[in-house]
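For reference, the structure discussed in these notes is given below.
The values are calculated or read from the model by the stated rules, or taken from the named source; none is laboratory data. Bear in mind the structure is a predicted one, so any value in this text is a computation, not a measurement. Note: ideal-geometry Cβ built from the backbone for every residue, glycine included; neighbour counts use all protein chains shown.
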Amino acid sequence: MFKGSIVAIVTPFKGGKVDEDGYRDLIEFQISNGTGAIVPCGTTGESATLSIEEHIRVIDIALEAVNGRVPVIAGAGGNSTKEAIQLSKHAKEAGADATLQVTPYYNKPTQEGLYQHYKAIAEAVPLPQVLYNVPGRTSVNMLPETVARLAELQEVVAIKEASGSLGQMAEILNLAGDKITLLSGDDNVTLPVLALGGKGVISVIANIVPKDSADMIQAWEGGDVTKARELFYKLLPLSKAMFFETNPIPVKTSLGLMGKINDEMRLPLVPMSSSNRERLIKALKDYDLI
């Protein structure tokens, strides 16, 4: 159902509020450069510091701006199953194509708890779900066996896998590859994930270089392995630069330097250190982005 370069889009702020015009401009930039789907209110979208009202508004703006041109996968996860259901209900009512559901963070649920969490959302809100496994942020790793079990649910259609373990991703496809779509959760392993049988990436780097990210996956799908590999290695230094500090600090700083948005973040995120900012500027200049 979902494939290609899918952007985990940032949420721009201006004066402490969501920059709605800037957000719409970012969405147009994405669609005009081949992005396959938009993910508002993910980690990169600073969902953790959005109020419920802001979260709902950001989803609504994304759906209005996209206007059916590409799928919208609404971030609706949380460490409270009740809250995730609430956000998912709004996403469905607003017209989202799917929701992105991160593994509950801080609670550290068991594998059975993870299964019951996603099952409860599926039963309450009949809308496609993209699971999101990112143990480096949540302190819980959803095992391939749990993913395979969840893939039996009609609503569970894909997984954004950001464990960093290609072995774990291979096992997911081995156990449930005919029932779930594997999407890379890390730009720096997108090509290896495609080689395993993955169908795309939910990307940070696509915020600033959407065309190259999309072209890499299209080249792979078209059988042009050489071009896909060339683009992957072209993108790799920039992918690493996006994690000079905690995401989304570098990518929002990059968009600010490119003149796309204000590089404003919300506490506890703060502006980049001067030394890392200089490293980032060099990476952007090397890529001819500034």
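Things worth noting here:
- Residues of region 25-39 classified as in a loop (DSSP other than H, G, I, E, B) and either crowded, with 18+ Cβ neighbours inside 10 Å or without any contact (Cβ under 8 Å) to a residue 24 or more places away in the chain (or both), total: 3
- Scanning region 177-209 for residues that are crowded, with 21+ Cβ neighbours inside 10 Å and of a type in the set (G, A, S), we see that the one that is farthest from I6 (Cα to Cα) is G198.
- Just one of (1) without any contact (Cβ under 8 Å) to a residue 40 or more places away in the chain; (2) part of a helix (DSSP H, G or I) fails for K108. It is (2).
- Selected residue (criterion: surrounded by the fewest Cβ atoms within 10 Å (Cβ to Cβ)) from residues of region 44-72 that are in contact with a strand residue (DSSP E or B) (Cβ under 7 Å, 6 or more places away or on another chain) and under 18 Å from E83 (Cβ atoms): R57
- Pairs where the first residue, in region 166-183, is in contact (Cβ under 8 Å) with a residue 24 or more places away in the chain and the second is surrounded by fewer than 17 Cβ atoms within 10 Å (Cβ to Cβ) and in a helix (DSSP H, G or I), C-beta under 8 Å, 6+ apart: L166/P192; L175/E145
- Region 143-168: number of residues that are under 20 Å from N247 (Cβ atoms) and modelled with pLDDT of 95 or more: 6
- The one condition from (1) in contact (Cβ under 8 Å) with a residue 24 or more places away in the chain; (2) touching a Gly at 6+ places or on another chain (Cβ under 9 Å) that G68 does not meet is (1).
- Restricted to helices (runs of 4 or more DSSP H) entirely inside region 224-290, those with at least 1 residues that are surrounded by fewer than 15 Cβ atoms within 10 Å (Cβ to Cβ) are 225-241, 274-286.
- Cβ-Cβ contacts under 7 Å between residues 6 or more apart (or on different chains), taken from a first residue in region 116-141 that is under 16 Å from G42 (Cβ atoms) and without any contact (Cβ under 8 Å) to a residue 60 or more places away in the chain to a second residue that is charged (D, E, K, R) and in a loop (DSSP other than H, G, I, E, B), are listed as Q129/E155.
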